[in-house]
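J.: Supplied in structure tokens, the structure appears directly below.
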């Protein structure tokens, strides 16, 4: 949930607003770290593809893997994670 909206630079970096806020009010699935939107993600077949915002520092490998494992349980299938710089 993005309570303050995507135009609040404290939550979504201004340079990344377009990556998060899509046409017709659609919001991309986001990765939140430390209370800030730090990337977006997309499920492609059996891989969760994370586009990590470079300015957010190093992606937290263990927490990302834990969330993908949780999503795997929800969906009832094994998922891999792939992280790239955005």
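J.: Under the condition of being in a helix (DSSP H, G or I) and in contact (Cβ under 8 Å) with a residue 12 or more places away in the chain, which residue from the stretch 68-86 is nearest to residue 31 (Cα to Cα)?
T.: Step one: filter the stretch 68-86 for residues in a helix (DSSP H, G or I), giving 68-75.
Next, only the ones that are in contact (Cβ under 8 Å) with a residue 12 or more places away in the chain stay: 68, 71.
Values: 68: 11, 71: 13 Å.
Per the criteria, the residue is 68.
J.: Tell me, which residue of the stretch 36-59 that is within 19 Å of residue 20 (Cβ to Cβ) and assigned to a loop (DSSP other than H, G, I, E, B) is farthest from the chain's Cα centre (by Cα)?
T.: Within the stretch 36-59, the first condition is being within 19 Å of residue 20 (Cβ to Cβ), and the residues that meet it are 36-44, 48-57, 59.
In the following step, the residues that additionally are assigned to a loop (DSSP other than H, G, I, E, B) were identified as 53, 57, 59.
Numbers: 53: 9, 57: 14, 59: 11 Å.
Of everything passing the filter in the stretch 36-59, 57 is farthest from the chain's Cα centre (by Cα).
Here is a yes/no grid of residues against (1) surrounded by fewer than 11 Cβ atoms within 10 Å (Cβ to Cβ); (2) more than 18 Å from residue 14 (Cβ to Cβ):
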residue	(1), (2)
29	no, yes
32	no, no
44	yes, yes
52	no, no
55	no, no
67	no, yes
71	no, yes
78	yes, yes
81	no, yes
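J.: Could you check the stretch 12-27 and list, in sequence order, the residues that are without any contact (Cβ under 8 Å) to a residue 60 or more places away in the chain, crowded, with 17+ Cβ neighbours inside 10 Å and farther than 13 Å from residue 55 by Cα?
T.: 20
All of the numbers you see were taken from the coordinates with simple rules; none came from a lab. Because the structure is predicted, anything quoted here is derived from the model rather than measured. So basically every Cβ, Gly included, is an ideal-geometry build from the backbone, and we count neighbours across all protein chains shown.
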